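The values are calculated or read from the model by the stated rules, or taken from the named source; none is laboratory data. As the structure is a computational prediction, the values presented were derived from the model and not from experiment. Note: ideal-geometry Cβ built from the backbone for every residue, glycine included; neighbour counts use all protein chains shown.
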Amino acid sequence: MLIDQLKESLKNIAPDIETITQYWRNANLEKEYQELNTLIHDEQFWKNPDQAKILQRFENLKEQRADFEHITKNYTELNELLDLFAQDEQELIKIQPEVSAFARLAQKFKISLLLNKPDDRGNCFLNINAGAGGTEAQDWAEMVLRMYTRFCENNKLTAQMLDYQSGEGAGIKSATLYIKGKNAYGLLRSEHGVHRLVRISPYDANKRRHTSFCSVTIIPESPDLEEIKIEPKDLRIDTYRSSGAGGQHVNKTESAIRITHLPTNIVVQCQMERSQIQNRETAMKMLKARLIQKQKEELQAQQEAKYEKKSIEWGSQIRSYVLHPYKMVKDHRTDFESPQPDLVLDGDLMPFIENYLVQSGS
């Protein structure tokens, strides 16, 4: 029956409404709106040196607030309409397009609300480094690389391999992806940190349980890249033969580039482009992005957002993936859990991402 279909549709929208409501509350947006409203109506406000900036923030918040009230009110009204016309097929047919349009509107508003930082809509660089532990950690790093590759495929993002350092026995030592697409950085910035795997090792003849670590670093591709000026004397540039999967040409010449920024000791490398010039250009873009991120983090002094790799050990992990003795993936920042690690490792990360954004209020 149509009434059952429509009620099921609204039931499917409920998690989005809950996400929107929780975020609005956790981010204290109503409180901020009321404070700004009081401020701009103060008779001395015209003297405020940040008047233009405050007014712009107020207008943005005012628009968001109107959308928030519209969506939460509409959700309640649609549920009431379905109850009211449960036996009236003709009225339900009229309501059906409203429910479909509302579902799209709620999804769109949820994304715009969660991903509201300046860099969120842009592209990013994702770097994976295996922790200590040899083959075990390198195999885990490759599993994490596949997880993010699948996440990108599932969410219409393009992942371009820039650097790939194979492991000694299996897996990878490190890899760097350039991820392009709508909200690429906003979706992935919560993945920054150390990831821990617990499993029975396929490389241990005694079938013992092993714990492995790898670190994930997310750097936004800032629109301010061209404004960063780097002195040639501050760079050490090394060339070497490419070793990753990039076609037959990669192993024939020293086309791979490694750039060290001496003042900060930041190292970037690229080997997947077809020429040394292209690899150098891409490596410089990566270096500038990391320098910009470093400047922002120093200015904001936000310890949780540091791009520097944290020590790859127990104390700095953000998420655990347990395959034995039980199956569970747990995010240690939000306590969100999934009993299906196979799905998570196949790229089903959106529940973790949304929970982090909602609970952090950013």
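Yes/no matrix, rows are residues, columns are (1) surrounded by fewer than 21 Cβ atoms within 10 Å (Cβ to Cβ); (2) modelled with pLDDT of 95 or more; (3) over 16 Å from the mean Cα position of the chain (by Cα):
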residue	(1), (2), (3)
Thr135	yes, no, yes
Gln138	no, yes, yes
Leu145	no, yes, no
Arg196	no, yes, yes
Ala205	yes, no, yes
Arg208	yes, no, yes
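Based on what the data block shows, is Arg121 in a loop (DSSP other than H, G, I, E, B), at pLDDT below 95 and not hydrophobic (A, V, I, L, M, F, W, C)? Answer is yes for this residue.
For the stretch 134-157, the set of residues classified as assigned to a helix (DSSP H, G or I) and among the hydrophobic types (A, V, I, L, M, F, W, C) consists of Ala137, Trp140, Ala141, Met143, Val144, Leu145, Met147, Phe151, Cys152, listed by residue number. Residues in the stretch 52-95 that are within 33 Å of the chain's Cα centre (by Cα) and either farther than 26 Å from Tyr23 by Cα or without any contact (Cβ under 8 Å) to a residue 12 or more places away in the chain (or both): Ala52, Lys53, Gln56, Glu59, Asn60, Glu63, Ala66, Glu69, His70, Lys73, Thr76. In the stretch 20-32, the residues that are in the same structural domain as Tyr356 (by TED's automatic domain parsing) form no Cβ pair under 6 Å with any partner that is of a type in the set (Lys, Arg) and part of a helix (DSSP H, G or I), whether six or more places apart or across chains.
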